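Contents: one structure, followed by commentary.
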């Protein structure tokens with residue numbers, strides 16, 4: 001095997017090990033000695049690939065577990081699908097929750113490279129909600145996308161704290177109502193809940 005490929009694979013392996021440990025136990029609780037031991041490498045090898053812990057934290061965030069958003073279907077179905085997948089993510093991650101929230105809570109320095117990744121990814125998520133809202137015919141896609149993003153973040157954080165799916169289910173119900181009210185679709189995907 002090519003040496004460059006081995007190096008890139010090792011670098012990725014270190015990032016995945018760090019991501020798992022940071023996600024499960026916290027950034028400040030896990031030192032580089034522990035990461036090197038779990039990755040079955042020397043500390044020197046770790047520092048060869050990641051000269052600082054901050055670089056390793058940023059690399060770990062890039063490979064941390066995330067909620068996958070639907071890539072196919074009508075815009076409204078994809079919005080709803082994102083919230084359904086949120087529930088699946090919370091269950092599969094044992095309610096550990098969003099790595100963005102976990103990392104942000106520990107990284108108080110706004111200029112930290114991982115914080116910059118988080119800000120870009122959250123902006124990208126809001127952009128996805130905006131695109132779906134616009135394609136669904138929302139009267140105000142900017143407002144709807146902000147509402148969806150707040151619901152998503154809130155359901156993730158609350159589900160993590162409580163350790164159950166009640167917040168994700170409540171958010172899903174709220175999203176259906178919001179989408180109904182915000183879109184100009186004649187044949188709505190969901191019944192008008194305000195009349196019941």
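Just so you know, all these numbers are worked out from the coordinates, no wet-lab data involved. Quick caveat: nothing in here was measured; it's all calculated off a predicted structure. Virtual Cβ from ideal backbone geometry, glycine too; neighbours counted across all protein chains shown.
Between residue 63 and residue 161, the distance separating the two model label sites (each 7 Å from Cα on the Cα→Cβ line) works out to 3.2 nm. Taking the C-alpha atoms only, the angle from helix 166-182 to the longest principal axis of the chain is near 50 degrees.
Distance from the alpha carbon centroid of the range 116-135 to that of the range 29-92 works out to 18 angstrom.
When the alpha carbon coordinates of the range 1-61 are projected onto the principal axes, the ranges are 35, 20, 18 Å, largest first.
Listing 110, 115 from fewest to most neighbouring C-beta atoms within 10 Å gives 110, 115.
Between residue 181 and residue 77, 0.36 nm times their residue separation minus their Cα-Cα distance comes to what?
Values: separation 104, 0.36 × 104 = 37.44 nm, distance 1.53 nm.
Residue separation times 0.36 nm, minus the Cα-Cα distance, leaves 35.9 nm.
Would any residue of the range 18-49 have its amide N under 16 Å from a label point 7 Å out along Cα→Cβ of residue 110? List them or say none. It comes to no residues whatsoever.
Classify the range 65-155: rounded, prolate or oblate, from the alpha-carbon gyration tensor (a ≥ b ≥ c, eigenvalue square roots; a/c under 1.5 rounded; otherwise prolate if a/b is larger than b/c)? Oblate shape, in that a/c is at least 1.5 and b/c is the bigger or equal ratio. Here the label points at residue 153 and residue 13, each 7 Å from Cα along the C-beta direction, are separated by 3.8 nm in the simple model. Stokes-Einstein diffusion for the chain at 37 °C, viscosity 0.692 mPa s, with a Kirkwood radius from C-alpha pairs, works out to 178 µm²/s. Between residue 143 and residue 43, the simple spin-label model (points 7 angstrom out along Cα→Cβ) gives 5.7 nm.
Note the full-extension length gain between residue 24 and residue 94 as 0.36 nm times their separation in residues minus their Cα-Cα distance, in nm to one decimal. Before the final figure, lay out each step's value.
Working: separation 70, 0.36 × 70 = 25.20 nm, distance 0.99 nm.
So the chain would gain 24.2 nm between residue 24 and residue 94.
Between helix 75-92 and the chain, what is the angle of the helix's C-alpha long axis to the longest principal axis, kept within 0 to 90° and rounded to the nearest 10? Tilt of helix 75-92: around 50 degrees.
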